[in-house]
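Heads up: the structure comes next, in structure tokens.
The values are calculated or read from the model by the stated rules, or taken from the named source; none is laboratory data. What you see is a predicted model, and the numbers here were worked out from it, not measured in a lab. Because the Cβ atoms are built from the backbone with ideal geometry, glycine has one as well, and the counts that use them run over all protein chains shown.
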Amino acid sequence: MARYRFTALAFAAVTAMALMTPLPAAAQSAEDLRRDGQACELPNGYMRAIDNSVRSVVQRINDQRRQVYEDKARAEGVSVEAVGQIYARELRSKPHYLPC
């Protein structure tokens with residue numbers, strides 16, 4: 001039951017991140033970066049820039065993710081790393097998923 005609740009919360013984190021304030025119009029989303037092969041997903045729930053020109057966008061996405069992970073970890077009494085790993089598993093089913 002606790003694992004189901006934690007997975008449900010991870011899904012809620014994914015949804016919350018999708019609803020966050022969008023990046024500036026000139027910036028790309030995480031999905032755009034993956035689709036274009038400019039960034040990939042690490043197993044810890046963060047992105048890595050493949051193309052140096054998007055490094056600052058990837059850092060901004062990772063900062064947003066870290067904040068969500070910290071909030072969820074604090075609420076559930078689990079580690080930030082555990083939340084990131086759950087999120088990484090959820091990402092595997094997203095369009096244009098690109099592992100590092």
Single residue of the range 65-77 satisfying the filter (surrounded by 15 or more Cβ atoms within 10 Å (Cβ to Cβ) and touching a residue at least 40 places away in the same chain (Cβ under 8 Å)) that is farthest from the chain's Cα centre (by Cα): 76
- prompt: Just one of the numbered conditions (1) at pLDDT below 95; (2) crowded, with 16+ Cβ neighbours inside 10 Å is not true of residue 95; which one?
  reply: (2)
query: In the range 59-80, is there at least one residue being closer than 16 Å to residue 33 by Cβ and hydroxyl-bearing (Ser, Thr, Tyr)?
result: no
- prompt: Among (1) modelled with pLDDT under 95; (2) under 10 Å from the mean Cα position of the chain (by Cα), where does residue 62 come up short?
  reply: (1)
- line: Checked the range 43-56 for anything more than 13 Å from the chain's Cα centre (by Cα) and not small (Gly, Ala, Ser); matches are 50, 51, 52, 54, 55
- line: Scanning the range 29-62 residue by residue, those assigned to a helix (DSSP H, G or I) and among the aliphatic types (A, V, I, L, M) turn out to be 30, 33, 54, 57, 58, 61
message: Just checking, does the range 79-92 include any residue being assigned to a helix (DSSP H, G or I), among the basic types (Lys, Arg), touching a Phe, Trp or Tyr at 6+ places or on another chain (Cβ under 9 Å) and at pLDDT below 95?
response: no
task: For residue 41, work out the one condition from (1) at pLDDT below 95; (2) under 16 Å from residue 90 (Cα atoms) it doesn't fulfil.
output: (1)
